[in-house]
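Encoded as structure tokens, the structure appears first; notes follow it.
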Amino acid sequence: MKINEVHIYGFGKLSNVKLNFSSTIQVIYGVNEAGKSTLMAFIHGILFGFPTKQQSEIRYEPKMGTKYGGYITIESNSGEVWIERVKGKATGYVTVRLEDGTQGGEELLKDLLKNMDKALFKSIFSFNIHGIQGVSQLKGEDIGTYLIAAGTIGTDAIVKSEQKLQKELDRLFKPSGRKPELNEMLQTIKDQEKELKKSMQYNQTYEKLQLDYQHLVQDISELKGKISASQADIQRLEQLKRDWGLLQERKDILQSLNNIGDITFPIDGLKRMEKLEDQLQVAANQLYVIDVRKGEYEKELTRLLPNKLIAEHEENIQLLIEKWPQIIKWQEEIIRREEEITKWNEQIAVIKRELHIHDMSNLSFLDLSIDMKERIRTVTKDYYYLKSSQIELDKQLENENRRFQELENQCVNLESALLNEDEYRELSESQQKYISLQNDYKHLQDQVKFINLSKGSKQKDNYLPTILFYLLFIGFFVWSVTTHQFVYMTGALIGIIILSFSSWINHKKMSEHNMNQENHVLVKAEKILAEMNQIGDKGTLYDEQQKLRQRWKGLVLEIENQQIRCQEKEQNITVWKRNWKMAEEALGRIKEQLGLQKDFSPENLSDAFELLNELAILDNQLNRSESQKSELLNKVANWECELKNQLSSLQFDGLSNEEGIIRLKNSLLKERENKLIYREIINKNEDVENEYLKWKNEYIAIETAINNLLHEVEVENTEDFRRRGKEYEEYQSLQANLKMINKKINIENMNMVNQFAYLNDLEEKLLINENSLKSNNEKLELLHKRLAEVKYEIEQLEEGGTFTEKLHEFYRSKSIFNDKAKEWAKIALAKKIIHRTMERMKNERFPKVLEKAEEFLSYLTDGEYIRLLFTPTGRFLVERVDQLSFEPDELSQATAEQVYVSLRLALVEVLQDEYPFPLIIDDGFVNFDNERTKRIVQLLLERSQNTQIIYFTCHQHILQLFPQKNIFVLNEEYRYSMLK
């Protein structure tokens, strides 16, 4: 995958920024706060989504109101892919478009990125100086663990997770600990179990008392139920005794209702009947009055019949009258159009004279477009420019030729002062030989000085052992004299004599050797000096000839350059002639297209175009005015024809237009007045008809309502209806009394009253229930006393906590312990899974990464560190070329960072087939020295053959190590420009 283009609509301080990545390694340079981190975050945001408001990452929303987001184009196995992400819900709205036209969203993007998320991408393919310098912030074995994580998954997050889980496990349980939660809970459970065993002895007596207690509580509950039932029965019987009189009255009312039977009657039937009879009389009176008014209206309508002839032509007459003001305006407009036609013809004649145009038949075919105007402006501009540049080009060519001749004259003068090649070669060989002899002579002089200096030092070095032996023998001699050891004294004297003779012989040999060596060097130096005098020192002449030759070479090069400049000026003149010819041809074509004569001046071409435009406008206005005049004349003639026909049909012949219009207006006005009166009477007659119909319907409706009431009561006339009404009122009164009695007595008493024939039976039943209630209360008192005794005995056994409570507490503690143990097991399982994952990566992926990282590290350190070792015990070691091994914390900060960079680059290369993503680095090598910085840059250039690399930096000295075509500068205006 390769990123080809980045276009930012708005992201942080960057707005409307476009950047093309033309090569596989791209360096982005910018000072602090120029936008490097913003650009890097933009690439992450487009690929994996913008940070949400709940996340701690910076969202980089624009402050200036520009559109938030942008797009990038990438090159993948699917061809060129266009990915755009703009502001939307959560991580933004993304659109992905493939080269074949396929379009999608997040799902398609995830497929392209092989389900890679932002965190994993940043941990493997995107790292910065903070990740590299993180190595120096760790201590001891943590550095090794951090480097192993960098070589397996790219981040130490999984290692930190494992350490966090281990801390949580230690917090919960330790085999030999006392403070962890599970250890404390285990001790508590053991103590509770001991207390539980002590309480088990009293359990049998306790259980028997508990059983008795439960039986007593049950008996008391049953007896209370019986007492409550007896109390309820007594209460109902007493209430029945109080309601006995009302219940008897209720029986009598029910008997009377039964005698009357079921009866139905409309609500307020009597009042409704009287009201309907009154309404029927009113309707009959209204119908009589309306019949009288109808006869009067019919007589008036017969008198006001309309004129059929005017009615038939009313619409035409009205149109003619309404058009009369317009006809007057049209006549005035015709006069104005005639004046305009005269004016346009005069202006057209003036322009035709100025342009010498006689025939205007092809005016509509001329090209008078804006494009032609621009062509005229361009061609005339080129014409003026070429005309003014001719003199300048001739002058430049003359100056360049003059300069060429001056340089040639200088070169000829300088060649006369130069030695020929053979003489210069002899001079050069002679001077070089002289310099070589001079160096040898100086070297021999240095040897003589060294021999003289070494004489003294060697003598001192030789005298020191001799003096020590002299002192030893003299001391030995003095000792033998003082102790009278004459044999030793004789040996000491012999030693002194031998030592003196040996010292004399060595000094003589050394003096002769030094003398011979010095004489040999002096003889050789005299020979070299004689040869130097014979050759002679010609350094001044040689230096002068070198300077002259150097000047001659410069002049030759300058002559060649001047010759090229002369040729360029001649080519410019040739180009000018070709352009001049093209300009003349273009002017000719324009004149032809504008219908101008060939000799028309180019200076006036723009004015001619404007006049032609004006002429075309005037011609259009003239044609339009003539057309409008003709159209108006036709309209006026048609109206006059229609007016004459209409007047003839009404027998108004021989009138002028004005008189005809007045006669038509008066006739139409009079006819309309009659029509209004006629319509008014018609409307009144219709209102009377509607009113008559309304009262007729009202009369019928009232009759129907009266018949419905009679039918509802099932009687034949109104008298029977009123008699049935009186019976219904009596029925209603009995029902009201019944409802009142039902409200005063209890519903249950209504059901119970049938159980007793007389009041004495009720009183006897009440006495029996009262005696039963008294007996049950006495039994309840005895049961309460026994319950109190059992409860006291149980409380005696429960002092200090009951067995049940201790048992409950014991199982509760065990339940809490089991929950915590399950939590510990889950964490242990999670840690084991993480550990196995790391082990699998170490066994499968890490060896490949180590092999590649060794190659990178050896190259970066110039072969000083050659191997990376991962021991079976989990230790990470770095081996130096002298086979010494170091743990990561023993290395310098820069070397540890180089190990980290090697592992990261190796991991990217190992994963390249599975995840072919670009590598993004943000100022990762600031702690490297110059040599190792050059090597890491060279390594990146080599890796870029297979992987795209985007490198951000704010250090100018690093830019010199990259090809200039691959460097972009992020300037203050937040645009990208090529580094000059």
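Bear in mind that the values in this text are calculations on the coordinates, not laboratory data. Remember, it's a predicted structure, so these values are computed and weren't measured experimentally. Neighbour counts are summed over all protein chains in view; Cβ atoms, including those assigned to glycine, are modelled from backbone coordinates with ideal geometry.
Per-residue Karplus couplings for region 739-744, computed as 6.51 cos²θ - 1.76 cosθ + 1.60 with θ equal to phi - 60°, are listed in order as 5, 5, 5, 4, 6, 7 Hz, Gly and Pro entered as x.
Give me Val27, Val713 sorted ascending by neighbouring Cβ count inside 10 Å, so fewest comes first. Intermediate values should be presented prior to the final figure.
Details: Val27 24, Val713 20.
Final ranking by Cβ density, sparse to dense: Val713, Val27.
When both region 394-428 and region 758-796 are represented by their alpha-carbon centers, they are found 151 Å apart. With neighbours defined as other Cβ atoms within 10 Å of a residue's Cβ, the residues Lys569, Lys387, Lys785 order from fewest to most as Lys785, Lys387, Lys569.
Working note: Cα atoms of region 649-800, range along each principal axis, descending, whole Å: 143, 71, 18.
Mind ordering 918-929, 579-590 by average Cβ neighbours within 10 Å, highest first?
Values: 918-929: 19.8, 579-590: 15.2.
Result, highest mean first: 918-929, 579-590.
Taking every alpha-carbon pair in region 75-118 and binning the separations at 10 Å intervals from zero gives 27, 58, 15, 0 percent.
Taking the Cα centre of region 856-968 as reference, the dipole from Cβ charges on Lys and Arg (+1) and Asp and Glu (-1) amounts to some 300 debye. Look at where the Cα atoms of region 251-284 and of region 18-95 average out, and the two centres are 91 Å apart. Would you mind classifying region 1-95 by shape? Square roots of the alpha carbon gyration tensor eigenvalues, ordered a ≥ b ≥ c; an a/c under 1.5 is rounded, otherwise it is prolate if a/b is larger than b/c and oblate if not. Taking the square roots of the gyration eigenvalues as a ≥ b ≥ c, region 1-95 is oblate. Amide H to amide H distances under 5 Å link His313 with no residue, where only residues 5 or more positions off or on other chains count and H is placed in the peptide plane.
What shape does region 217-263 take by its C-alpha gyration tensor, where a ≥ b ≥ c are the square roots of the eigenvalues and a/c under 1.5 counts as rounded, a/b above b/c as prolate, and the rest as oblate? Write down the numbers at each step before the final one.
On the way: a/c = 9.71, a/b = 3.40, b/c = 2.85.
Note, shape of region 217-263 comes out prolate.
The Cα center of region 698-746 and the Cα center of region 214-235 differ in position by 55 Å.
Could you order the peptides 607-617, 426-436 from most to least packed, using the average number of other C-beta atoms within 10 Å per residue?
Numbers: 607-617: 16.6, 426-436: 14.3.
Ranking the peptides 607-617, 426-436 by packing returns 607-617, 426-436.
Which pairs in the list Lys67/Lys381; Lys2/Lys53; Lys89/Lys114; Lys329/Lys373 are over 32 Å apart, alpha-carbon to alpha-carbon? Cα-Cα > 32 Å for Lys67/Lys381; Lys329/Lys373; rest within. Sequentially through region 717-729, phi angles give Karplus couplings (6.51, -1.76, 1.60; θ = phi - 60°) of 9, 6, 5, 4, 4, 5, 5, 5, x, 4, 4, 5, 5 Hz, Gly and Pro residues having no value and appearing as x. Using the Karplus relation 6.51 cos²θ - 1.76 cosθ + 1.60 with θ = phi - 60°, the per-residue 3J(HN,Hα) values for region 758-775 come to 10, 5, 4, 4, 5, 5, 5, 4, 5, 5, 4, 5, 5, 5, 5, 5, 4, 4 Hz, with x marking Gly and Pro. Overall form of region 849-961: oblate. Here a/c, set by the Cα gyration tensor axes a ≥ b ≥ c, is 1.5 or more, and a/b is not larger than b/c.
Equivalent-ellipsoid semi-axes for region 260-355 (Cα gyration tensor, √(5λ), whole Å, largest first): 84, 27, 9. Among 944-957, 105-118, sorting by the average number of other beta carbon atoms lying within 10 angstrom of each residue, highest first, gives 944-957, 105-118. In straight-distance terms, cross-link reach from Lys665 covers every one of the lysines whose alpha-carbon lies under 16 Å from its own, apart from those fewer than eight places away in the same chain; here that gives Lys323, Lys644, Lys675. Taking neighbour counts of Cβ atoms within 10 Å as a proxy for exposure, in what order, fewest first, do Met64, Met372 appear? Lowest to highest Cβ neighbour count: Met64, Met372.
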